[in-house]
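Everything below concerns the one structure shown next.
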Amino acid sequence: MNHDHRKPRFGRPAGKAPGNRGTRDRRGTWRDREERGDSPVILYGWHTVTAALANPQRQIRKLLLTENAARRLTEENIATKIAPEIVRPQTIDQLLGPDAVHQGLFAEADPLPSPDIDTLPQTGIVLVLDQITDPHNVGAIMRSAAAFAVKAIVTTARHSPEATGVLAKSASGALELVPMVTVQNLARALAALNERGFMTVGLDSEGGENLAKVELTQPLALVLGAEGKGLRQLTRETCSVMTRLDMPGDIKSLNVSNAAALSLYICASRLGLMP
């Protein structure tokens, strides 16, 4: 039996769990976007920063490199967009903290633009995140989304992680590949997707159908719930169908990022999107 009540459940029901509380620091913040202003995005790590350098839409404000990182960029013919500042590793450690694995690269950049939900392509898969606040989880979800060619990730303006720091590092470059659509009201956004012909599929422990057995159609919006408390009631009511993941083993629950990866594989396979 799984006794970890802190993690979301996407299999059959196994009890309720408490929601998230508190706020995070600037490296992994989930402050409301209204409070964020024009703060620069913090990017660090090899894959994260080099993906940003390769993205023509990403405007770099500041770039710090160690000598080793600068040498590697030159050897791999990666342009830096702006003149970097060569620093000692300890300088970046002081900015990020000793636990951040920065690999000698640190950048401050402008946020990427948020597309309008009405501009999303009416094909393939879109992910919708209902107040998932942990930047590690959202970053891992973004990485899976990039792997499965997800068209966009829809998230709320409030109670969601900032696309910076820990999230960007966990995404390992996927932040530059998968557009993030920010909406004020998730239920209205789902209703708009329904009107545009999307099949909106909620994933929750109390879902009435096994995701692997539901007849799926494109375009598809897969809706994932917050840590612990799952999908909110209005979100459930707005989805076309509520589903769950049935597991064959003794542990019936998955972390939300693992559930996202498994669900994307199921959906992509069922929709004929796999190579």
Condition check for ALA259: small (Gly, Ala, Ser), more than 22 Å from ALA192 (Cβ to Cβ), touching a residue at least 60 places away in the same chain (Cβ under 8 Å) and in contact with a Pro (Cβ under 8 Å, 6 or more places away or on another chain)
yes
Single residue of GLU195, GLU215, GLU206 found to be of a type in the set (D, E, K, R), farther than 24 Å from GLY139 by Cα and touching a Pro at 6+ places or on another chain (Cβ under 7 Å)
GLU206
Return the only residue of ARG72, ARG58, ARG24, ARG9 being modelled with pLDDT of 95 or more and either under 30 Å from ALA212 (Cβ atoms) or assigned to a loop (DSSP other than H, G, I, E, B) (or both).
ARG58
Scan region 90-117 and report the pairs whose first residue is polar (S, T, N, Q) and whose second residue is part of a helix (DSSP H, G or I), with Cβ atoms within less than 6 Å and a gap of 6+ or a chain change.
GLN103/TRP46
For ALA157, state whether it is of a type in the set (Gly, Ala, Ser), surrounded by 22 or more Cβ atoms within 10 Å (Cβ to Cβ), farther than 12 Å from GLY225 by Cα and not assigned by TED's automatic domain parsing to the domain that holds LEU65.
no
Please work out if ILE60 is under 17 Å from GLY173 (Cα atoms), in contact (Cβ under 8 Å) with a residue 40 or more places away in the chain, buried (at least 19 other Cβ atoms within 10 Å of the Cβ) and not assigned by TED's automatic domain parsing to the domain that holds LEU177.
yes
Testing ASN255 on (1) modelled with pLDDT under 95; (2) closer than 24 Å to ARG188 by Cα; (3) of a type outside the set (Gly, Ala, Ser), one condition comes back false. Which one is that?
(2)
Can you name every one of the strands (runs of 3 or more DSSP E) wholly within region 130-230 that holds 1 or more residues which are under 19 Å from LEU112 (Cα atoms) and modelled with pLDDT of 95 or more?
152-156, 180-183
If I filter region 61-68 for residues that are modelled with pLDDT of 95 or more and part of a helix (DSSP H, G or I), do I get at least one hit?
yes
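Based on this model, can you work out whether GLY249 counts as at pLDDT 90 or above and part of a loop (DSSP other than H, G, I, E, B)? Step through it out loud before you land on a result.
On the way: at pLDDT 90 or above: yes; part of a loop (DSSP other than H, G, I, E, B): yes.
So GLY249 passes the test.
The values are calculated or read from the model by the stated rules, or taken from the named source; none is laboratory data. If you're wondering where the values come from, they're calculated on a predicted model, not measured in any experiment. We place every Cβ from the backbone using ideal geometry, glycine too, and count neighbours over all the protein chains shown.
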